[in-house]
């Protein structure tokens, strides 16, 4: 089979088509798996939403640096405040707390529910510290 016809297309377009094909197969496989578990298709809109959201964010991430809008680096960075890293760290900690507290049922099954949540947060903080410290 000759695939020289692919050389006629722009590589960016080929990468976009390959990415969309991969996302489509991922959404299809996820929807089939969730349909088998639930007996219906209530999760299909959520899978398609994640697919479209991921595609949008991926494309924006890939396209924005190449638009050459004539902006300087200072204008392109966005908000510059000294407290922004601390606010983002607080938001990340709150998200981890909510995930452990609400989405992990085993962490809330015993009598010491707060201890399991705090233990998971300390473990995650230790993991992130070692990741940054050790590269």
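Multiply the residue separation of residue 103 and residue 55 by 0.36 nm, subtract the distance between their alpha-carbon atoms, and state the gained length in nm to one decimal. Mind dumping the intermediate values first?
Values: separation 48, 0.36 × 48 = 17.28 nm, distance 2.56 nm.
Difference between extended and current length: 14.7 nm.
Computed over the Cα atoms of segment 79-135, what is the convex hull's projected area averaged over all directions, in nm²? Mind dumping the intermediate values first?
Values: hull surface 20.1 nm².
Approximately 5.0 nm², given one-decimal rounding.
Could you work out how far apart the two model spin labels at residue 91 and residue 33 are, taking each label as a point 7 Å from the Cα in the direction of the beta carbon, and quote it in nm?
According to this spin-label approximation, the distance is 2.9 nm.
Bear in mind these aren't lab numbers, they're just calculated from the coordinates by the rules spelled out. Keep in mind the model is a prediction, meaning the values are calculated, not measured. Positions of Cβ are generated from backbone atoms using ideal geometry, with glycine treated the same way; all protein chains shown enter the neighbour counts.
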